[in-house]
């Protein structure tokens, strides 16, 4: 194929384009010399870490080479290039000069002509850059509508794929085709493992294939699974993924002889279209993970490490982004949809996805080993307390007691660590609130999904780039007191708003609920003290403890523990209630608040189980007189054992 004119794209570390330049010549210098800006053989680079004569770029026959001219050197991908060391620069490769991302694009050049032993990721990276270049050069074709843009880019991608596949077809290119095919089969196999034990259609991975091809692709997936001895069950996901990481190449060699060349090209086309268009219009390789209900968290640690939590277990998926820039594109899109922007001065961002999932982004220079993206998914299931009990998060007496406590308008704080299920339990308990009561919910990021008719949902807001417009949780708690609430539900108390919440619980808003980070009820008391002091009120400790004792009736401690199911795998974990305790009256002699456990999680030989302590809460008579609970709830475990046996 003939070499097209090269295009040079310069972006900052956050993916924001700085410049684009057509390279008609064969020699260029790159640097920060403002006096040479605009010179035909000079590419100006702004920002930090760039010298006036930082590097030269030369067209050497069939390849472009970059040579750093300063001890600051350069980086191509993750490879450091020292001063006066020439390095080949392939189409789409990430060349870092200071904090500038420089990319050379040859959109009409085959990836196999510019990269030795390319893999499917190289091809997709080139296709992505070629589409960006096409969109830049042919703005005249686009009318601004999303549908027309997708149709034009899809058609151009088909043309680019045709050109590339034609260039690698033939006897001498078998190795390249096989590498592409292997990756095109590996990804759906990973997807099938991640979907094991969940609802969904794995065959959706082959969306561009015709029915016969899709059926054959599914057969190949099953043959590969058999070669790898994959269990393809919910509890074996981590083990299956490990087998794919270590044994897929050998398994592919065992089956690839049965795959016709035409079908290989169809698999490659399907994989490239799925990946490249997914990056343009969706969220790239993590979109599939977002669509799996059983996955609760997605953690991206740089472009080549994507972890998920599924079934209370965390493991590496084996999925990757093609480059740091591709990862940044997805992160910036998530932030942008929520009105946020990633910049060097603001590398941190919290955002909410369209389904309500929470995303946290940490970019460079704060993230030292690659951009970090953490997504706490917003589950589609509305968990009720009865659902949690069936999942062994609590016992039947605990369920009945918590329902009675909510109906009796007891103030409850749910305590636990990150990811222990605090918000899920808070949402479930709040569903017990009668419909004729007015609830005001206050959250940093909206997650609660209550169905009460008289419900007001408030969400905090961070300051804008000018430092204005912040609305804190504390502002909202104070405002909620003017909204005539029967109950206030705060997603999480983290600071000075704790004082306002305690005062609300003490002044006519009984039955309110919130969560806080603490390892046990005793630690929670200390944590509440610390957060009250953050309010700026100069209160003595004994006054704070009196306030806590008077305001908080119950602490529900949640944690991740070994699974309570008798047939659970050895490493299986689950979220469960480990203690429900009543806070007693403040003792002025000792200066302490008694913590009285009502229900606990006990080690019953080889198995953990929920037990009744025998302590009767001080407000039992109040609940009993209203017919909310019976005394045997605190003594008789027979019914609970029968319920566990039935489960």
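The values are calculated or read from the model by the stated rules, or taken from the named source; none is laboratory data. This is a predicted model, so every value here is computed, not measured. We place every Cβ from the backbone using ideal geometry, glycine too, and count neighbours over all the protein chains shown.
Results, tabulated for the structure shown:
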| read-out | value |
| --- | --- |
| Among the residues listed as 622, 582, the single one being more than 31 Å from the chain's Cα centre (by Cα) and modelled with pLDDT of 95 or more | 582 |
| Residue 532 being surrounded by 14 or more Cβ atoms within 10 Å (Cβ to Cβ), touching a strand residue (DSSP E or B) at 6+ places or on another chain (Cβ under 7 Å) and either assigned by the TED database to the domain that holds residue 579 or outside any helix (DSSP H, G or I) (or both) | no |
| Some residue of segment 311-323 being farther than 24 Å from residue 121 by Cβ and either without any contact (Cβ under 8 Å) to a residue 24 or more places away in the chain or part of a strand (DSSP E or B) (or both) | yes |
| Considering residues of segment 625-636 that are more than 15 Å from residue 580 (Cβ to Cβ) and touching a strand residue (DSSP E or B) at 6+ places or on another chain (Cβ under 9 Å) only, the residue modelled with the lowest pLDDT | 636 |
| Any hit, segment 210-222, residues being in contact (Cβ under 8 Å) with a residue 60 or more places away in the chain and not in a loop (DSSP other than H, G, I, E, B) | no |
| Count - residues of segment 324-340 that are in contact with a strand residue (DSSP E or B) (Cβ under 8 Å, 6 or more places away or on another chain) and assigned to a loop (DSSP other than H, G, I, E, B) | 2 |
| The lone exception for residue 318 - which of (1) modelled with pLDDT under 90; (2) over 21 Å from residue 119 (Cα atoms) it fails | (2) |
| Count of residues meeting criterion [part of a strand (DSSP E or B) and under 22 Å from residue 6 (Cβ atoms)] in segment 44-83 | 18 |
| Qualifying residue in segment 509-519 (condition: within 17 Å of residue 474 (Cβ to Cβ), buried (at least 23 other Cβ atoms within 10 Å of the Cβ), modelled with pLDDT under 95 and in the same structural domain as residue 619 (by the TED database)) | no |
| Residue match in segment 542-553 (condition: at pLDDT 90 or above, under 29 Å from residue 496 (Cα atoms) and assigned to a strand (DSSP E or B)) | no |
| Selection count where residues are farther than 22 Å from residue 630 by Cα and crowded, with 17+ Cβ neighbours inside 10 Å, scope segment 596-608 | 1 |
| Boolean, residue 292 is part of a loop (DSSP other than H, G, I, E, B) and touching a residue at least 60 places away in the same chain (Cβ under 8 Å) | yes |
| Hits in segment 453-495 (condition: closer than 11 Å to residue 438 by Cα, in contact with a helix residue (DSSP H, G or I) (Cβ under 9 Å, 6 or more places away or on another chain) and surrounded by fewer than 18 Cβ atoms within 10 Å (Cβ to Cβ)) | 456 |
| Search result, residues across segment 8-43 that are more than 34 Å from the chain's Cα centre (by Cα), surrounded by 15 or more Cβ atoms within 10 Å (Cβ to Cβ) and either in the same structural domain as residue 130 (by the TED database) or not in a loop (DSSP other than H, G, I, E, B) (or both) | 21, 23, 28, 29, 30, 31, 36, 42, 43 |
| Condition met for residue 274 (out of contact with any helix residue (DSSP H, G or I) (no Cβ under 7 Å at 6 or more places or on another chain), in a helix (DSSP H, G or I) and in contact (Cβ under 8 Å) with a residue 12 or more places away in the chain) | yes |
| Single match in 257, 284, 235, 278 (criterion: at pLDDT below 90 and more than 28 Å from the chain's Cα centre (by Cα)) | 257 |
| Top-ranked residue of segment 155-207 - restricted to ones that are outside any helix (DSSP H, G or I) and farther than 28 Å from residue 380 by Cα, ranked as modelled with the highest pLDDT | 169 |
| Residue within segment 277-287 that is touching a helix residue (DSSP H, G or I) at 6+ places or on another chain (Cβ under 7 Å), at positive phi and crowded, with 18+ Cβ neighbours inside 10 Å present | yes |
| Residue list for segment 59-97, restricted to those being modelled with pLDDT of 85 or more and surrounded by 22 or more Cβ atoms within 10 Å (Cβ to Cβ) | 64, 66, 68, 74, 89, 95, 97 |
| Leading residue by the ranking (farthest from the chain's Cα centre (by Cα)) among those in segment 358-375 that are surrounded by fewer than 20 Cβ atoms within 10 Å (Cβ to Cβ) and at pLDDT below 90 | 365 |
| Hits in segment 331-348 - residues which are touching a helix residue (DSSP H, G or I) at 6+ places or on another chain (Cβ under 8 Å) and either assigned by the TED database to the domain that holds residue 239 or crowded, with 22+ Cβ neighbours inside 10 Å (or both) | 342 |
| Conditions (1) closer than 16 Å to residue 398 by Cα; (2) modelled with pLDDT of 90 or more; (3) over 40 Å from the mean Cα position of the chain (by Cα); number of the one not met by residue 614 | (2) |
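Results for (1) under 25 Å from residue 88 (Cβ atoms); (2) exposed (fewer than 12 other Cβ atoms within 10 Å of the Cβ); (3) assigned by the TED database to the domain that holds residue 274; (4) out of contact with any helix residue (DSSP H, G or I) (no Cβ under 9 Å at 6 or more places or on another chain), shown as yes or no for each residue.
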| residue | (1), (2), (3), (4) |
| --- | --- |
| 120 | yes, no, yes, no |
| 125 | yes, no, yes, no |
| 130 | yes, no, yes, no |
| 134 | yes, no, yes, no |
| 143 | no, yes, yes, no |
| 146 | no, yes, yes, no |
| 150 | no, no, yes, no |
| 158 | no, no, yes, no |
